[in-house]
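Asker: Let me begin by handing over the structure; questions about it come next.
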2 protein chains.
Amino acid sequence: MKRKVTLKQIAKELDVSISTVSKALRNSIEISEDTRQKVQAFAKLYNYRPNNIALSLKNRKTKTIGIIIPEIVHYFFSKVITGIELVANKRGYNVIVGLSNESFDKEVINMQMLANGSIDGFILSIAKETLQQQDYHHFIETINQGMPIVMFDRVVNEIPCDKVIVDDVKGAKKAVGKLISGGCKHIAIITTKDYVSVGKLRTQGYLEALEDHKINPKASLILKIEDKLLSDDHLDKLENEIEQLFKSNTAIDGVFAVNELYAVTAIKVARKLGLEIPKSLQVVSFTDGVLSKHSTPSLTTVSQHGQEIGEKSANLLINRLELDENDEDEEIFETVVIETNLIERESTK
Amino acid sequence: MKRKVTLKQIAKELDVSISTVSKALRNSIEISEDTRQKVQAFAKLYNYRPNNIALSLKNRKTKTIGIIIPEIVHYFFSKVITGIELVANKRGYNVIVGLSNESFDKEVINMQMLANGSIDGFILSIAKETLQQQDYHHFIETINQGMPIVMFDRVVNEIPCDKVIVDDVKGAKKAVGKLISGGCKHIAIITTKDYVSVGKLRTQGYLEALEDHKINPKASLILKIEDKLLSDDHLDKLENEIEQLFKSNTAIDGVFAVNELYAVTAIKVARKLGLEIPKSLQVVSFTDGVLSKHSTPSLTTVSQHGQEIGEKSANLLINRLELDENDEDEEIFETVVIETNLIERESTK
DNA sequence: TTTCAACACGAAAACGTTTGCGTAACGCAA
DNA sequence: TTGCGTTACGCAAACGTTTTCGTGTTGAAA
């Protein structure tokens, strides 16, 4: 087992100084053609590669991006990571991942673990618990220490950083608009409690779409699910709530669900109740994931372009990192909106 | 914007030496109660945290694990990462992720980027292209440089490292056994070409199950899909192939699919052909992912326990890392088999 | 012969830690 | 006064780089 070879070892072996070896490898003109070749040959033979940690210490940057997301077993978030990793790699950066598990504490701890030199900047999406508590001091402190953050999807406006979001309101309006133009008169929404910002915004889009078409919203058609029901254990409870919705509003002919799971569950329940999709009930959901594509009937969905969000976030962050070096701090932050688009499939007419 | 405070700054500010500060913070008995408190108070005030990179350089270990997987938008792999991150975090490690995208070159490059000091060891699952080319020199070299590897799921035996796998053969036998005991006489398998090791093993399990029950395998019931068809673009082609299978073998009353996508696609095609699930056709798939749980009918699947695989892998790796320190190199490698289990749902009787 | 570039290389500092060892100052016993 | 043991601290090395600056050796011009 040969350990990794260092400059020092090469230097000793070739009986020159460390600096000579370093310069030779970097093709410095200070070094004679002769020694340069000798050193390079030796380095190649022993497969020399500069030690990243030493470089990080010297250069005071790690060429590594920290990602903090609530969970990774999730179509949207993993798509975002794919996008981040893609451009990070292309631009010579590595990607280190922390999962907050939707917990405030884990989010804070994860950030602290990474903020002490391990990374150059963060890309993150805020945990639900953090949104609920509205405690953002860890973001502020990180930024104050000169470490830039890019937030995506779940953002909060008062933090001074770049942001990449989807236009949830507009996306929801597209979805509901599709139902309306498909002839639906009684459109229900299945959404989350309001503290989840995206749920709130999508609900807002639903209401605006109705208003635009002079349809009076009915409180009984708005089903706000306690968010914990997303975990698989509470599937029964979710089904029950949706069943109640349908039973007490038999006129429903369209459903807008703020995520795939709500949509497929609604379809399952509707079928049980004898409704035909899309003939007597049309369904549109948010998040164009694997369920939408492959369940039967396939779902008409609002695609969020997760990968694009990841790519944009990474580019924003790296741009800022590589700008900081030379220029003064540009304290102008961008908020990029990635357009959604509606993918029409079998669950609508 | 106050930059991160260092020992040197504290030392200068308090007019003591760097070593005094360091020792005071680590509660060394060499330091007087007085200075210790002064230093600790100051450090707390300025929120001092030791720089990870400097520690890594000094200790020659990074407390970071590198993960290389083919893709991340994938239920199984993201579950594995969840498991890895869980125990890594608990044991004080970070996790850095590289995606090979099933490409040999990206796998090699990713490993090289990380192997130069950024991490202490790898957990990985081999890219399909690598399996096809059977070129494993990058693994061997990494190991020779003293960096341990743990392979999971897609492994190759000749590499000297710990491995965590599922018993694909046994899992497949369970799946096919379920179909047989449910009364199926003509069971088809939808699998991948043989170079994908798991596809090959699951096919083997299928054959063994048939043999155990004295059923003669028929070549026409074995459909081997060219793997690229997993990408969504080629869904049509996949459907066509499956349709051909059904049409030329009308007696088929059971299908074993080696992944969820093949299973739901088979169901979709079968329905189009007028077959009822599970009455006239029963389906079992491998990989207990989101499709299995939430599609209609829900799928009976072989669960691989991805998270457990991740946890076990991380524990194996970290154990080895922390053993290397003191003891001699233990050159005894483990191969842990995580048991699968069959989850019965609506797609079987 | 003297002087001075040009050349080719080495020494050392710096990045931020930890730690073994040396030592000044002090008190106290001989 | 000498000697010795504590106590409380500082020095310096080490981890592996890069880079600035200094310097010894040439060869050639004056």
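Here is a yes/no grid of residues against (1) at pLDDT below 95; (2) within 15 Å of DNA strand C (Cβ to nearest atom):
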| site | (1), (2) |
| --- | --- |
| B:28 | yes, yes |
| B:34 | yes, yes |
| B:39 | no, yes |
| B:58 | no, yes |
| B:65 | no, no |
| B:76 | no, no |
| B:79 | no, no |
| B:84 | no, no |
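Asker: Please go through region A:91-139 and give me each residue that is among the polar types (S, T, N, Q) and within 13 Å of chain B (Cβ to nearest Cβ), ordered by number.
Answerer: A:94, A:100, A:101, A:103, A:110, A:112, A:116, A:118, listed by residue number.
Asker: A further question on this structure: Please find, among B:71, B:107, the residue that is of a type in the set (D, E, K, R), assigned by TED's automatic domain parsing to the domain that holds residue B:162, under 17 Å from the mean Cα position of the chain (by Cα) and buried (at least 22 other Cβ atoms within 10 Å of the Cβ).
Answerer: When all the criteria are applied, what remains is B:107.
Asker: Between A:174, A:200, A:106, which is in contact (Cβ under 8 Å) with a residue 40 or more places away in the chain, closer than 30 Å to residue A:265 by Cβ and of a type outside the set (A, V, I, L, M, F, W, C)?
Answerer: Exactly one of A:174, A:200, A:106 is in contact (Cβ under 8 Å) with a residue 40 or more places away in the chain, closer than 30 Å to residue A:265 by Cβ and of a type outside the set (A, V, I, L, M, F, W, C), namely A:174.
Asker: Still on this structure, please answer the following. If I filter region A:43-56 down to residues being part of a helix (DSSP H, G or I) and near DNA strand D (Cβ under 8 Å from one of its atoms), which single residue comes out as farthest from residue B:145 (Cα to Cα)?
Answerer: Top of the filtered list is A:55.
Asker: Return the pair list, or none, for Cβ contacts closer than 6 Å from residues in region B:204-224 that are under 17 Å from residue B:177 (Cα atoms) and touching a residue at least 40 places away in the same chain (Cβ under 8 Å) to residues that are charged (D, E, K, R) and in a helix (DSSP H, G or I), at least 6 apart or on different chains.
Answerer: Close Cβ pairs satisfying both conditions: none exist.
Asker: Here's a check for you: in region B:1-42, which residue that is within 14 Å of chain A (Cβ to nearest Cβ) and not in a helix (DSSP H, G or I) is nearest to DNA strand D (Cβ to nearest atom)?
Answerer: Ranking the qualifying residues of region B:1-42, first place goes to B:6.
Asker: Something else about it: Only residues that are among the polar types (S, T, N, Q) and either buried (at least 18 other Cβ atoms within 10 Å of the Cβ) or in contact with a Phe, Trp or Tyr (Cβ under 7 Å, 6 or more places away or on another chain) (or both): list them for region B:82-104, please.
Answerer: Matches in region B:82-104: B:82, B:89, B:94, B:100, B:101.
Asker: Filter region A:257-271 down to the residues that are at the interface with another protein chain (Cβ under 10 Å from one of its Cβ atoms) and not aliphatic (A, V, I, L, M), then identify the one that is surrounded by the fewest Cβ atoms within 10 Å (Cβ to Cβ).
Answerer: Among those that are at the interface with another protein chain (Cβ under 10 Å from one of its Cβ atoms) and not aliphatic (A, V, I, L, M), it is A:271.
Asker: Among the residues of region B:190-222, which ones are modelled with pLDDT of 90 or more and among the charged types (D, E, K, R)?
Answerer: Across region B:190-222, the qualifying residues are B:200, B:202, B:208, B:211, B:212, B:214, B:218.
Asker: Residues that are under 15 Å from the mean Cα position of the chain (by Cα): list the helices (runs of 4 or more DSSP H) wholly contained in region A:242-342 that include at least 1 such residues.
Answerer: Passing ranges, in order: A:306-324.
Asker: Is it true that residue B:224 is surrounded by 16 or more Cβ atoms within 10 Å (Cβ to Cβ), in the same structural domain as residue B:277 (by TED's automatic domain parsing) and more than 21 Å from the chain's Cα centre (by Cα)?
Answerer: Here the answer is yes, as residue B:224 does meet what is asked.
Asker: Testing residue B:79 on (1) of a type in the set (D, E, K, R); (2) touching a Lys or Arg at 6+ places or on another chain (Cβ under 8 Å); (3) surrounded by 20 or more Cβ atoms within 10 Å (Cβ to Cβ), one condition comes back false. Which one is that?
Answerer: All conditions pass for residue B:79, except number (2).
Asker: Residue B:251 is checked against (1) touching a residue at least 60 places away in the same chain (Cβ under 8 Å); (2) crowded, with 24+ Cβ neighbours inside 10 Å and fails just one. What number does that condition carry?
Answerer: (2)
Asker: Within region B:41-56, restricting attention to residues that are more than 9 Å from DNA strand C (Cβ to nearest atom) and of a type in the set (A, V, I, L, M), which residue is farthest from residue B:118 (Cα to Cα)?
Answerer: B:41
This table checks each residue for (1) under 26 Å from residue B:316 (Cβ atoms); (2) crowded, with 21+ Cβ neighbours inside 10 Å.
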| position | (1), (2) |
| --- | --- |
| B:152 | yes, yes |
| B:160 | yes, no |
| B:166 | yes, yes |
| B:187 | no, yes |
| B:209 | no, yes |
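The values are calculated or read from the model by the stated rules, or taken from the named source; none is laboratory data. On a predicted model such as this, the values are computed, not experimentally measured, just so you know. Backbone-built Cβ (ideal geometry, glycine too); neighbour counts: all protein chains shown.
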